Amino acid sequence: MTSKRQQCNDKWFKSNRIAKNPDSSNLSPSTAMAKLEHRASNLRKDKPNLKRLKKGAKAVSFRPVKTPAATERTPSRPLTNGGAGGPEQGSDSDESQDWSSFAKSVLHQNGGGESMEGQESCVSTKAAPGRIEEEAFVHCAERDYIHNRTVLVMQQGQTLCFRGKCLLSCLYGRVEVHGFTLEEGQQSYPLFSPSSHCPLTVTALGDSPNPSKTKKAGRLEAKAIVRKYLSTETRRRLLSEVDSDSCVILLEPLDTPLTRFLNSFPDLKEVFGLSSRDIRESSAMLDTPLSGLGITPLRKTARGMVMSQTYREALNGLVNACAEELDGCPVILVCGAKNVGKSTFNRHLINTLLNHTASVEYLECDLGQTEFTPSGCLSLSTVREPLLGPPFTHQWAPEHMIFYGQSSCETDLDRYLESLKSLWRLYNRETPIVINTMGWVKGFGFQLLVDIIRLFSISHVVQLSSGDKVMCPQLTPEFLRSSHGWQTHPPVQSALGEDNSGTHPAQRSYTLFRIHSEFEGAGRPGEMRHQRSNEQRDLALLGYFSQLQSPEPGPVRPLHCFTPYQVPHSAVAVGVTHCEVAPTHVLYTANASLVGLCCLNEKVSGRGSPVLLSQTPVCPCVGFGVLRGVDMARGLYFLVTPVAPSILRQVNCLLLGAVTLPNTLLTGQTGILGDPPYVTMDYSFELTGAGKLHVFKGLVRPGQMKNAK
Amino acid sequence: MKKKTTEKKGHVVAWINKAEWDQVLEYLYSKDCALQKYALHRISAWKGRFAHNTPIAVESTADLVRCQILDRSGKLDADDLVLLYGTALMRFVNLITERQQGKIARPLRRLASNLKIPEWIVNLRHDITHRKLPTLKWCRKGCKFVLEWLQQEYWSRQLGSGLAENWESQSEGEDGEDELQRQEDELITRQKEIESYKKARELLISFEKEQFQTFEGFLEEDKQASLWPEPSADMSWILAQIKHFALESSEILIDALIEDGFMVPTIEQLVSLSVDNSDPTAPHLPRVVLRFWLPLLKDLNSQLFIHLLLEKLFVELQQLSEDNQKHRSFYIAGWISEVILCNSNKNEYHYESKIQRKARLKDKIFMKRIQLRWQQLLAACLNAPCMATPHLLQQILEDMEHPMPLDTRQKLLRLSSIYTQGADSGCDPPMEHSGQPSGIYTLESLHERLRVQSRRQVYMMHPGIVSDSRKALPERTEDFQEHLSPDVLAERAAELRGSPWQVCTDKVQWKNYPLGKVPGQSEDPSCLMVDNFSTIMVFDQQVEMENATQHNAHAGVSMPHRITTDGLLWTHNDISKLKAGLQLF
């Protein structure tokens, strides 16, 4: 085990050396970036089955670990898959020690920026822990103007909260970003902190990962690193700041196909800028050595992520659970009403778990706010890279995906559940899995949640809530024993008795963590720019199609400029999932629309004419494309898609849904001959009936008004 | 009145072009059921495109036309038809009035009358929802009326009938009261401002008078002495007053200060101070002018004041750059330069003597370096291009707390010098690159250069022939078109071989064709009709993919579908689905 790990570490080190090689800085930044991206994507695909860290994080300071809210689970693991544990089962005690010690540290350090600042228990040596403020940057940061990068020295417990995007590498010590620990010698990670989301925070963990080093050796090593990255005149100030328990990080500008593509849309130029709130509260520090890299540090007035006590306890409990059950992997379900922070919690949880395991599975059951795909899709992903940004920054092809076609499931609950079941059958049960659920937790939505818990043998339920308003009942195991789902029903209480009869061991039971979200605006939809759900959906799609752009910097190509693929009408079936369209007119819906690229087992052949689906099947989807045009004379569809040709060859079905292309892709087409189709300047919304169906909720009747008064 | 910003970009709609819209409109209101049906089918495709954004007028029209078609087909009984008409009419009234609804529910009748929908239509809806069903005759009448209403109010006005102005003018006159109140408030504040402005001027004039007196006396006494006398008692009093005034309204004070006759001296003032006009490229304030104002500025010195002063000076400079007043902009720029100089942390005074140093420090408005908002300053400086901009820019760039990369600085400086050079290229940009013979600063000069070159080439090859040089100019367009290299094409083709998919190899400039258009596509709105099609029925698929099968092979075998829930292998739904499936064969 150790030797294997050692080997793996060597691998890491090697690959890191390449990136860290000072020569690489001589390359033009663009090619270096492209290489890096390439390598990063390779890393993802190669699936190195290794642990990331040599050691688990150590606790920053001791703090008793609270027992989770409701521990129902028996310590004996009823869900073990026989003796499949293998080497992991015999895993040495130091492994589990890592886990538990990490768990302790999570509880403490994840207090993150704000709560950290108020804690007296912190072991601080030099600088006061907390957000780095304006004056401090003068001492602790130095910019290298030639390579356009900044070296930042952070003291244990210090935090850097920012807007923007950058590439972060840890040169010395360890830092934590949204649950993920970056250690010296690791690859660089892209960080995205757009205005639409809670800003990211980098926290210095301080303690050197290698305890055998003496203080002096550590200091010398850190200083040597600073020297390597800065020229003589610039590093002087910084060297005095460095100590053995400081962290040294390198920040570089980040330029990817995604950022370039988004930047080509006038409305989205400021996505990685400041939020209106940052401006209003003037929390941005505009003049620091970090400006010019593409990030803006924020003052204390801008709150980073707010983690309530229950949040930390849940995270801690789940990390412990994964430590306990390295062989019988936990199945974690995260649920709660809309806007309570499910998605943020998921990312935090996954990142934290990725400190210890090579990968975490993720089952997407939320059609609206999907993490890895454009919305309207259910998917099963293997996550190997930390999620250091909102969903639109990591539109990675999931291992398995099913096209549902709408951003909510209410029109066809059965197809929704069947799709999830078929995804679940593909889960290999060898890694922990996080299941994200939708924010519809009332009525049938709640029944579906009950079904999912029953069908997928959940071991841990995380239920998020906010405010005092009870959106749905607490999902205690007792409650679930008697509640009805859409497809499943509580077992008939037979006279023979209870669960402990032997045939059904306590496996249906699970641990419930209840999180009460306390961040500002919890439970309410966001109102700022790019926060509305439709804007997020558009961003996700733009993120997806940014994969078409070349990794080398160059002009950003609008979608219509790409050489399309072509396929005969008779070779692919076309289906509309969300409404009934007259078959003879179906191409009027399909033309210039977003299509899901799906695969049917049946052979599709239409004797020269289009093939239409009579109903929507549950079938695998491999990606998305834009049906760029239809050649009626030759009977061809033209398709623009980032899906690789080796996968595209299997596609024989194009599904259309209610998730449409972002309008800006159609309205913003430049360089075309004539007017763009499907765009008009003359549509007047002033006329009666010109708008869409608009449902006012909470209309007050005159009678109610009187009562209220 | 609010101006829509989206106007330029246009709206995404479901119809390809106006022709398709017109066709649907014509068919909807035709007497021919086949055409009406065709329109309905097209609207079904529109709904697919619009998803949740279908205009309710379109939807209501389609519903009502559907009723008419079914009515005319003669296949349905009167009772069937009443139900159909009823639903369509009810939905129309409810949906169309929805937008009129405020926070508090208001009677439909009133909302409808706002929309010119008569009461009998609303009553018809009431009958359908909670009273005795109306007769078929009434339903038909209602349907006919509503369709006409929709045609008049929506269809015929939509798409470029230019009625928007009429609608906008309605909103006038509603907020009259607020407007009055606002005007009154404005007037009051304006009045106050004028008063304090007057006071500021008075104070400054008395300061000037006092200074001139001391200055004249000083001229008479000793020309060599560089010392100004200590402020008199009167002066101290004036300064105290000004300082007090600045506490309350420093903005107004600064406004007055930068007027002509104060910090920007008039010609007469200059004459009496015996200053001759110098050249305007390097904004260097005459020392006398500086010393004249120094007592006041030193007194007012505070971080806030300096910030504000710089800000105002730049704003002024920006305005001046547009009107081209050389004298004034010279002094404004001079003051900016002076203030920034005071803040400079440069150590270029190594070799000066103590006395020189003392003299230099004497002329400083303030000693301690203050934190300026450099980013804002930079922006302000670039916003106010004038002769002095390169100079000021360089000062700012050098002094910035966190300077920009060297090449960026150089580029900026160069750009600014190019921009401000104007007709007379008198001033040299501070950072001159060698090997740039004559500047190419505009597109025209670039074209000119190319023209000259190409002509020369042509001339050299075929002496005597002078061709139209314009032809030789390369077309200046950004090439967005994706050009796949032969390697990539071959690779893709190899990967797709054996499947119906291909990379399109037509020689098409795709960048010319917007999404939804292909070469040779006609403008005819019926060009996408499918005449022949086949339908296939498929059942739910196993999601596993070809490549995924091997990936998960072991998992698939060892892990049968695990149902640990309640013992039931199939739910009712599963069973009913299975049954349904069985019946099909």
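Quick note: the coordinates plus some simple rules give every number you see, no bench work behind them. None of the values given here were measured: they were computed from a predicted structure. FYI the Cβ positions are ideal-geometry reconstructions off the backbone, even for glycines, and counts take in every protein chain you see.
Go ahead and run the numbers for FRET between residue A:430 and residue B:327, Cβ-Cβ distance against an R0 of 56 Å, rounding to 0.05.
Values: r = 82 Å, r/R0 = 1.46.
It comes to 0.10.
In plain terms, the chain from residue B:75 to residue B:362 could stretch by 92.9 nm, reckoned as 0.36 nm per residue minus the Cα-Cα distance.
Amide H to amide H, with H built 1.01 Å from N, residue A:284 comes under 5 Å of A:299, counting only residues 5 or more places away or on other chains. With the simple spin-label model, which puts each label point 7 Å out from Cα in the Cβ direction, the residue B:418 to residue A:260 separation comes to 2.3 nm.
Close amide H partners of residue A:400, meaning residues 5 or more places away or on another chain with modelled amide H under 5 Å apart, are A:380. A straight chain from residue B:355 to residue B:408 at 0.36 nm per residue would run longer than the Cα-Cα distance by 15.3 nm. Considering only Cα-Cα distances, which of the following residue pairs are longer than 32 Å: A:603/B:47; B:47/B:507; B:199/B:326? Over 32 Å Cα-Cα: B:47/B:507.
Arranged by the count of other C-beta atoms within 10 angstrom, fewest first, what order do B:538, A:226 take? Let's see the in-between values first.
Numbers: B:538 19, A:226 22.
Ranked by crowding around the Cβ, least crowded first: B:538, A:226.
Among the listed pairs A:342/A:442; B:31/B:132; B:209/B:312; A:338/A:692; A:692/B:103, give every one whose C-alpha distance is greater than 21 Å. In this structure, B:31/B:132; B:209/B:312; A:338/A:692 exceed 21 Å between Cα atoms. With θ taken as phi - 60° and the Karplus curve 6.51 cos²θ - 1.76 cosθ + 1.60 applied, the whole-hertz 3J(HN,Hα) list for the range A:674-686 is x, 7, x, x, 6, 10, 9, 8, 9, 6, 9, 7, 6 Hz, x standing for glycine and proline.
With both labels modelled 7 Å from their Cα along Cα-to-Cβ, the residue A:239 to residue A:358 distance reads 4.2 nm.
Based on other C-beta atoms within 10 Å, arrange A:246, A:483 from fewest to most.
Values: A:246 27, A:483 18.
In increasing order of surrounding Cβ atoms, one gets A:483, A:246.
Scalar couplings 3J(HN,Hα) for the range A:600-613, obtained by applying the Karplus form with A = 6.51, B = -1.76, C = 1.60 to θ = phi - 60°, are 9, 6, 5, 7, 9, 8, x, 6, x, 10, x, 10, 10, 8 Hz; x denotes Gly and Pro. Near residue A:518, the amide H atoms lying under 5 Å from its own belong to A:308; only residues 5 or more places off or on other chains count, and H is placed 1.01 Å from N.
Taking 7 Å steps out from each Cα toward its Cβ at residue B:523 and residue B:244 produces label points 7.8 nm apart.
Can you tell me the length gained on complete extension of the stretch residue B:183 to residue B:274, counting 0.36 nm per residue apart and subtracting the Cα distance? Show your work: numbers first, answer last.
Numbers: separation 91, 0.36 × 91 = 32.76 nm, distance 4.81 nm.
Value of the extension gain: 28.0 nm.
Computed from backbone phi, the HN-Hα couplings of the range A:289-296 come to x, 8, 5, x, 8, x, 10, 10 Hz, rounded to whole numbers (Karplus: 6.51 cos²θ - 1.76 cosθ + 1.60, θ = phi - 60°; Gly and Pro given as x). Here the residues B:32, A:255, ranked from fewest to most Cβ neighbours within 10 Å of their Cβ, fall in the order B:32, A:255.
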